[in-house]
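Some notes on the structure that comes next.
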């Protein structure tokens, strides 16, 4: 390297124009080779790692596919997953509230009757084994496919009614077609036509189900003046989608409170605030009444990749190690909702539910009574928020009902 | 290279240092990123999972439901758990009001300071002043049915008789919950805890405000609880004919205050101040409820002297000029009795 | 490194290999997969709207590729399930996007199904979201003294409309809205659907 | 299928690794080693012992530059025109992000079109053109022979510029192919392809007629880029065969390779020429530059799909790109050692030469941009930075702080030697340097910090999307400030270049090289 000495000595002399750059022959630093080697090893390791996550994801996708389209784990499992929160694992029902299945006249009538009840649900008084129930059973038409309905109906009729007959998925398909769009069974009175020899069933109370005021109807379907119509976002029947919530079957009081909160700025959402500030009290109540009275099949499906088993645990039992009580301990068994402060959760759109839980956790929504949801949402990790939203989306839609006060039981339940 | 160092050692060194420092810095960043990528250090994806840890690890940890053995014993534990969670259904003929065991013993009897069953199990048999005798667990549970569940008003007209399967199943559940718990040692978290006495004492008038602000949203402004669409009780009634009777421990203001302080509002224990807990307990327990099961033919005053002497309870006292302890009027027929003359009982 | 031809040939060979790996092989793989049953081609109006979307450069702020919940909370924001290769077979040119200055739009038609809402928002985003930095598109609309029978009037809050008269949507705006409303990839995906599974959590296998 | 794909993926990576190992083995065992005399043919009359250091500046001693001067002058002028225009559109687009209601009355003014104009004008009008100018200047010099067919690039220049102008006009009117980096309608792309032929043919002819045996490292980069870019451009613009996600892979294979296999070789090649040229000392290690070059070719060509991480395309392609992105560390470290060690041993030259200051700054930015790029491609990091302004900052670190700034230095070095007179306003060069460096620093850090905050906000489900928009606003404003400073610098640059061409001034020989 004697060459360099000559240059550095004359460093202030500019290089000539006809000089062309060239390269010296220093060795490749060993470090570069080591780095290359290490990166090669790392890259290979990463390939293997990604290969395994690839198979995990493929597996999950295949499992989803199976869960969505193929046979489930049998009637007993379906019963535990779909029926037992109300009818109890042993089918005895809940006194004064949920009719028993064990030895009930309807289970004895065979799987076809059971399937028809499952497909349509019940709204109205029904007498089972000498007890009268003000029945509000959701329709499972959207929550279960033909095969599942067939298995479940056969299981229920067999276990609780002693029926020998079983139902096939094709028969369920026929029943589904036959009953499509006919709404829920109007109590035992209507079911009496289906099951011969049923004891006298209570009469349906007169339903003063007049359509909404024309002004309200306009508002819902056409919008007014400066606001878009409700239906244009929430769907004609209030089913909702993605982060737009399902409104059908939420209690009237809850919808009224939320709209008022939007109007007053106590719940933030630019679009709803914009809409709500144009609404009068009369309109708010009219809209709320309309949606509270709607009975619509669920359009929600688990979509957030949540762990359904974990979600079910949180919904049914809570996770007290996080200080989180069961969702159902306030929102009612099956997530039907309680009063004006605890909205129905069943069949709610999962993206909406998860986004609301996240909003509470992040302090962007804070109109929950006593800050109950704020505290609970903060305690739930992100994966749990998704899990519980997905689980609730898998439940059948809430039967649309007006809420009844405890007064009924107080009065001795004579109307039961 | 060496010749260069000799010639311009200073410049060579500083250049080398510069390159090494910059290169080292970049290498560190790169290494960190690679480590993160390979999952050797926790990243933001897993970081999103971490939440404030609220585990009550100081307390005894009962086993989880998934661990219930698959055996005849496990079956009994499950039945017991079902009775515990849904008493009015699974032991319905002995329940005379709208309550279940799990209304006071939260999280299926697991929650510390809400009288957890794993702590209770190891304390029996014990002497209880309440009935001045040694009580077995069965005696104690019978007391719960009698007072808290107001069994007198039930279909059966009283608590399950001694030896009933209801006790067997419940005790199996308790025994299982206490798996691994030390025997004959008072455990942390047993009972409802205590609330320190406050200078102001307690007052139902102040309590009314606390109730309206913190309790009414669930238990209803009238304290009668709330039901779901099917009429199923979701929030238990706190007074009135469907609540616990005057003989229940919860009717005592200090017990109720401790329960409220340590468990209410649900999921927000400790939210209320000691004073608020006392006041709201006083407010709740200043309402009429089913009469004390032990009263029999005695007058209220006699009952009070015999059973409530020295207790912090409004039984036999006048609040707002109304004597408490008379009991709510019995509904015309017992809760849950069939409308038709005879019907099969839901159990069995 | 003294010869021109080998240098150029090897350089070309390397690029050809990269093209094989990055373009041809995945192209073949994707072409073999089933197209999801729920996917339908764009209607004529939607295609016109899509051209508007492309020509206005919406893609520079809006992606169309929700990520998996294992990676990011896209589904929770209502942007829809993670998309798969089959969701895009009718997309020419693709508009996957690499920026989220605004939200993902692959399922905006499900999330915001209101034509009326979109017209307001396109005319002036800040009429709805005060914080929005999306451009307004007044040239997709025109102001009229009175709406004709065929006109779609844009709902506008106080202070955002013209002082008198109404704002009605031009066909371009209606086309664009039709395209936005057609963005719906919520149908179920086939089992062999392809997407980047590099984020699937190993521990979630249990 | 997964097995096949996994194999394919492994195969590709193994091929890259094998090639690299072979290269390292070949270097270690001196397979490639050239004897010094061989390499010495590069040198002029200074001989193999070192550069000519007689201290005089004889412009165009060989007559080589006189031939290339005309196309080079045209290309530099064209490039600067598009630079000023393109960066003005950039500033407008940047301002529109925080003044959304400004300039909103017509479709051509909307953000989406302004941004596309900015990108295409600077990519095709400025960067490509100035890079081609450098090719025409440097290649004849290192081949020691005058440019062949020198009239062809002049024709090419007009076709190219008409193509860029028409393309810009087309998509400002809404006629676009609709993919990032590929907005020019393919019909107009044919103009660019045609112009490319006019550029490549003379250069190939020159290369084949060269009077030295050895091709200097700059030549490798330039010659390879001349193969790569036409292939990329042609395949990516083929109309009618790409669709859906496949089109997206083509899009990003192209867009990243435009950076990696076109702009980067132009920038690195230029730096490889001018750094030792200005300093007057050889580059540090010949063997390292081999690793740098072939590493770039092997690894950079497969990184493009990291723009689609987490997207709807096969996992293995994404992983392939991630791994190769990280492997880019190797060539980058090699180039970094070669260039930075050379400069760091001769820090005096930075004081002496403003062009070197630009070029060396650009070279350092290449190292940083590549490091950042490799790290950004990791899934864990990408999850945050993807879809945010951070990536825009990164793109500018590569395309601006590296390539553009190297090109500024090259132009400042070339111009006086080409026209034989000094710059009219030498002081403006210094101002230009500090304006673009400071402006870029503001620009880059604003977008990097803002982008990270934005990414973290988007990853946190408990924060609304609105938050991710609102919190970036101050950073976007800062970006406009930085962008405006850079644009001002470009105007100074234009003034200087036009000045030196217009105003003949006596040659102050001693002042030229040092400025």
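Descriptive notes on the structure:
- Estimated D of segment D:315-453 in µm² per second, where Rh is the Kirkwood radius over Cα pairs and Stokes-Einstein applies at 25 °C, 0.890 mPa s: 149
- Mean projected area (nm²) of the alpha-carbon convex hull when segment B:193-339 is viewed from all directions: 10.0
- Mean separation of Cα contacts under 8 Å (6+ apart) over length of segment A:308-393, as relative contact order %: 36
- Convex hull volume per residue in cubic angstrom - Cα atoms of segment B:66-191: 104
- Hypothetical label at residue B:194: residues of segment B:310-330 whose amide nitrogen lies under 19 Å (7 Å Cα-Cβ projection): B:310-313
- What separates the Cα centres of segment B:257-286 and segment D:210-238 is a distance of 81 Å.
- Overall dimensions of segment C:41-189 by Cα: Rg and Dmax, Å: 16.0, 52
- For segment D:82-97 versus segment C:1-75, the gap between their alpha-carbon centres in whole angstrom: 28
- Kirkwood radius, chain B, all distinct C-alpha pairs, inverse of mean reciprocal distance: 23.6 Å.
- P(r) for segment A:75-191, from all Cα pairs and a bin width of 10 Å, is 15, 52, 32, 2 %, short bins first.
- Cα Rg over Rh - segment B:229-279, Kirkwood: 1.03
- Mean residue ellipticity (222 nm) of chain D, computed from DSSP H runs ≥ 4 via -39,500 (n - 2.57), nearest 500: -23500 deg cm²/dmol
- As a rough guide to protection, the peptides C:131-143, D:397-409 ranked by mean Cβ packing within 10 Å, highest first, stand as D:397-409, C:131-143.
- Convex hull of segment A:308-393 built on C-alpha atoms - directionally averaged projected area, nm²: 4.7
- Compactness of segment D:309-383 was expressed as the Cα radius of gyration divided by 2.2 N^0.38 Å, which yields 1.46.
- Kirkwood Rh (inverse of mean 1/r, distinct Cα pairs), segment D:110-214, angstrom: 14.7
- Principal axis extents of the C-alpha atoms in chain D (largest first, rounded to whole Å): 69, 55, 43.
- Per-residue mean of foreign Cβ neighbours for B:58-67 is 1 (Cβ atoms of other chains, 10 Å radius).
- Largest mean-square fluctuation among C:159, C:102, C:80, in a Gaussian network model of chain C whose springs join Cα atoms under 10 Å apart, belongs to C:159.
- Dimensions of segment A:214-292 from C-alpha coordinates, computed as largest minus smallest value along each principal axis and given longest first, are 26, 26, 21 Å.
- Ordering A:177, B:297, C:151 from the fewest to the most neighbouring beta carbons within 10 Å gives B:297, A:177, C:151.
- Residue with peak Gaussian network fluctuation, chain A [Cα springs, cutoff 10 Å], from A:182, A:394, A:334: A:182
- Residue-averaged beta-carbon neighbours from other chains (10 angstrom radius) around D:85-93: 0
- Per-residue shielding of B:262-271, expressed as the average number of other chain Cβ atoms within 10 Å of the residue Cβ, stands at 4.
- Listed residues B:164, B:102, B:88, most fluctuating in chain B (Gaussian network, C-alpha, under 10 Å): B:164
- Fewest neighbouring Cβ atoms within 10 Å first, the residues B:16, B:318 line up as B:318, B:16.
- Sequence of C:33, C:111 once ranked by neighbouring C-beta atoms within 10 Å, starting from the fewest: C:33, C:111
- Rg to Rh quotient for the protein assembly as shown, alpha carbon positions, Kirkwood Rh: 1.08
- Dividing the summed helix terms, -39500 (n - 2.57) for each DSSP H run of n ≥ 4, by the number of residues in chain A produces a 222 nm estimate of -14000 deg cm²/dmol to the nearest 500.
- Calculated FRET value between residue A:30 and residue D:456, using beta carbons and R₀ = 41 Å, to 0.05: 0.55
- Helix-only mean residue ellipticity at 222 nm for chain B, each DSSP H run of n ≥ 4 adding -39500 (n - 2.57), per residue, nearest 500: -11000 deg cm²/dmol
- Principal semi-axes in Å for chain A [√(5λ), Cα gyration tensor, largest first]: 59, 30, 19
Just so you know, all these numbers are worked out from the coordinates, no wet-lab data involved. These numbers come from a predicted model, not from an experiment. Every residue, glycine among them, receives a Cβ derived from its backbone with ideal geometry; neighbour counts consider all protein chains shown.
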